[in-house]
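Take a look at the structure below.
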Amino acid sequence: MSPASAAETHESATADVPLDGTASRSRPRRSTVVLGVVLSAVVVASGAGFAWMSAQLSDSRSRITDQEQRLQDQQRELDEQREVIERKEQFGAAMADLYATVDPLVGLPYSSLVPWAQIEAIAGRAWQHRWTPSALDRDILDLETLTTDLVVRADAAREQAATNASGSVWEATLDELGGGWVSMGFDESGRPCGLEAMACISGASPFHVEVSAGTRSDGQLTDWMRTGVAYHEFAHVLQFTNPEATASALTAFADDPETMADCYALTVLDGWTLEHEVPIDATSYWEVRLGYGYTCDDGQRQVIRDWLSALGVQKQIVGA
């Protein structure tokens, strides 16, 4: 190769190198621009996608919250319904206990012993309160209180019938007639029943007979006379504890409860009379007149028998 050729060759080579170098530097600039645009587009797309996902997530959370609230509301309604059902069952059980307590009392000659009007009122209130557990709780308590009262009184009656704490004819007679439900006590204060009455009873305490303490030692009284007067007082117990039947029967006695009570003793106690002779010694005696001075006739005695047959605790169905 000649020198000229070599030089040409070198120049050609030298000229080619810058051309190649210039081409290799310009291509990365264009690629960088394109890549930047692509990255920007990706970032925008990613931002849009994130916003969409956030919106979807928020919507999902809202739906979940609504569903949880509905479930809580449904559970609360179920709990409330369960509570109502439980209270109704408790009220029914309380009523069943009351009836079980009343059953042994059916037939006792005291119709007011079981307060059916009060029980009916409680049942009526319970119907109004059937969707209100807190109100039903009060109705249940009222029934349980009535039941407890009857249980306590029945236990006291059994104890009363089995004992004679005073050792008196008064108490023995009243226990026999009243089955232990009628108590008595001697009043030491003087004359609790007035100037003449030996014993008395009040409507405020219709199961208790108050007896003047003087009757224990009064020489003009015999045990037979005390027995007859105890019958008279027991008639008053029956009058007070059977107001409806008594109101009807009283018409036969001019609405006089004392005359009616005398007639009860004359009808029920064999041999009883209102006039008595009490010996003082071998040659003298006291003439003692008891009661209110009228001996009832056969028609009135039949009224007493009919009255007695209508008395007593009867089983009733409340709400009927």
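The values are calculated or read from the model by the stated rules, or taken from the named source; none is laboratory data. These figures come from a predicted structure and were not determined experimentally. Note: ideal-geometry Cβ built from the backbone for every residue, glycine included; neighbour counts use all protein chains shown.
Just the residues that are without any contact (Cβ under 8 Å) to a residue 40 or more places away in the chain and either closer than 27 Å to Tyr292 by Cα or not in a helix (DSSP H, G or I) (or both), please, taken from the stretch 152-183. Scanning the stretch 152-183 gives Thr163, Asn164, Ala165, Ser166, Gly167, Glu171, Ala172, Asp175, Glu176, Gly180, Ser183.
Scanning the stretch 110-147 for residues that are part of a loop (DSSP other than H, G, I, E, B), free of Cβ contacts under 8 Å to residues at least 60 places away in the same chain and closer than 20 Å to Gln314 by Cα turns up just one, Pro115. Every test in (1) outside the structural domain of Val229 (by TED's automatic domain parsing); (2) polar (S, T, N, Q); (3) at pLDDT 95 or above is passed by Thr132 save one, and that test is (3). Tallying residues that are in contact with a Phe, Trp or Tyr (Cβ under 6 Å, 6 or more places away or on another chain) and small (Gly, Ala, Ser) within the stretch 127-177 yields 1. Scanning the stretch 87-109 for residues that are closer than 17 Å to Ala156 by Cβ and not in a loop (DSSP other than H, G, I, E, B) returns Thr101, Val102, Pro104, Leu105.
The set of residues in the stretch 274-294 being in contact (Cβ under 8 Å) with a residue 24 or more places away in the chain and hydroxyl-bearing (Ser, Thr, Tyr) consists of Tyr292, Tyr294.
Is the stretch 187-205 home to any residue that is of a type in the set (Val, Ile, Thr) and either under 29 Å from Asp149 (Cβ atoms) or surrounded by fewer than 15 Cβ atoms within 10 Å (Cβ to Cβ) (or both)? Yes; the residues of the stretch 187-205 include at least one that is of a type in the set (Val, Ile, Thr) and either under 29 Å from Asp149 (Cβ atoms) or surrounded by fewer than 15 Cβ atoms within 10 Å (Cβ to Cβ) (or both).
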